[in-house]
Ligand code: PA5
């Protein structure tokens, strides 16, 4: 496992005092970090926060045993969840479930259904080989999320209509003590796996939420957790410059508050880590966007977005910090040696595709720094289970520390509740009649301005 964070392009000595973090601040922040860690340690010890030590508490043996018993029954797995109950799955599979790794092996195809667009669900049902060989993993910690339960209802009714046994094809991943999905799972005899009550959705990828579907794909889930464990001790370091999570939290919050960088661009130079950027965006946005604070995360993709976004980052408003993520070694590289000649390709001859990829990332980061635009580069040696587990843990820890720095609770999401209340009111849920009346009034007033 190898992870490196190069934050030279964030520092004032390199990119200038206007947009850079004053170098001397690094030494002055350790006390602040120590206080943040001490608060988090108290919350960990009291049992309030469970994500810190999942590598010790998750029962991977139970997951692996169930997978071993059932895997040969399934050609397809449809993961149904949303937000923290789906983005980790997308990330794990895009990163670690690659055709070059799977070569010659037979695993079920995984599809993630995390929206309620009928067209998307039809596409999934159309794509599975046979309903009979399809497992549905229903993931909702609360057990009551409308989108997930709607997709669950459709899976259940489709299985029933086909004369299949839902109890053999539906697995419920939910809070082990409460919630409607748990109630239904007991009633219908679905196999269940727990989401620990003290682990919030967006911090839950390293529980059965992400690990069950990963295990079905041959991903070594113990190594994913081992990666988290390996970086864990570094994240508890009190000295800021030794603590990777502390550094990320400090740099991004400081750039946001003191250098007016309310936008954080996440730009992986890796197709396999593209979903990782989406997972990170949810984590950073939903955890930290509170009380007028927060930093807007944006997921982009190198090198493709050099031809779409970089003009803005170089010369547009000076309101961004850019975080690059790159991989030293691909699974396999391509040599550039076509027997052709032209000015625009001669210099590429004898080089490799990945060499060009890395050169473009270095060049983009350097160009941004020379224009005084702060950026940092995280590099991993390869995309392995350990590195991916470590990256999940690193960013979860950084988010928790950023929450302490900003003095906000990074683990709730009160801002999503009103939209949920209005949705169920629109769908005529009992006891929401007055909300519905409010909404109707609001809609009427709003529609004075309509172009058709
Ligand atoms: O991070 C969170 O808590 C949210 O994004 C949830 O994961 C999301 O709302 C889904 O919730 P649930 O797992 O209860 O269905």
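Each reported figure results from applying straightforward, stated rules to the coordinates on display, with no laboratory input. Bear in mind the structure is a predicted one, so any value in this text is a computation, not a measurement. Here the Cβ positions follow ideal geometry from the backbone for every residue, glycine too, while neighbour counts run over all protein chains shown.
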From the Cα centre of region 290-342 to that of region 19-48, the distance in Å is 29
In terms of the alpha carbon gyration tensor, root eigenvalues a ≥ b ≥ c, rounded if a/c is under 1.5 and otherwise prolate when a/b exceeds b/c or oblate, region 301-401 is oblate
Quick shape check on region 1-79: root eigenvalues a ≥ b ≥ c of the Cα gyration tensor, a/c under 1.5 is rounded, otherwise prolate if a/b tops b/c, else oblate, and it reads oblate
Working note, the chain: Cα radius of gyration (Å, one decimal) and Dmax (Å, whole number) are 23.5, 73
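By count of other Cβ within 10 Å, fewest leading, how are 393, 313 ordered?
313, 393
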Computed, not fitted: 222 nm per-residue ellipticity of the chain from DSSP H runs ≥ 4 (each -39500 (n - 2.57)), nearest 500, equal to -14500 deg cm²/dmol
Rounded to the nearest 10, the angle in degrees between the Cα long axis of helix 146-161 and the longest principal axis of the Cα atoms of the chain comes to 50
In degrees, nearest 10, the alpha-carbon axis of helix 87-96 is tilted away from the dominant principal axis of the alpha carbons of the chain by 60
So for R0 = 41 Å, FRET eff. of residue 27-residue 382 from the Cβ-Cβ r, to 0.05, ends up at 0.75
Extend 7 Å from the Cα of residue 371 along its Cα-to-C-beta direction; within region 254-270, residues with backbone N under 15 Å of that point are 265
Taking 1, 153, 314 and counting other beta carbon atoms within 10 angstrom, the fewest-first order is 153, 314, 1
Given a Förster distance of 51 Å, the FRET efficiency implied by the Cβ-Cβ spacing of residue 59 and residue 343, rounded to the nearest 0.05, works out to 0.25
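Hey, fewest Cβ within 10 Å first, where do 416, 199 land in order?
416, 199
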Distance in nm between residue 164 and residue 106 label points, each 7 Å along Cα→Cβ, equals 1.8
Of 35-46, 372-383, 332-343, ordering from highest average Cβ density within 10 Å down gives 372-383, 35-46, 332-343
Expected sort for 293-299, 209-215 on mean C-beta neighbours within 10 Å, highest first, is 209-215, 293-299
Mean separation of Cα contacts under 8 Å (at least 6 apart) over the residue count of the chain, i.e. the relative contact order in percent, is 22
So the angle from the long Cα axis of helix 417-426 to the longest Cα principal axis of the chain, reported in degrees to the nearest 10, equals 40
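Using a ≥ b ≥ c from the Cα gyration tensor of region 256-314 (square roots of the eigenvalues), is it rounded, prolate or oblate, where a/c under 1.5 gives rounded and otherwise the larger of a/b and b/c decides, a/b for prolate?
oblate
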Packing-ranked peptide list from 143-151, 276-284, 124-132, 174-182, highest mean Cβ count within 10 angstrom first, is 276-284, 143-151, 174-182, 124-132
The equivalent-ellipsoid semi-axes of region 145-208, taken as the square roots of five times the Cα gyration tensor eigenvalues and listed largest first in whole Å, are 23, 12, 10
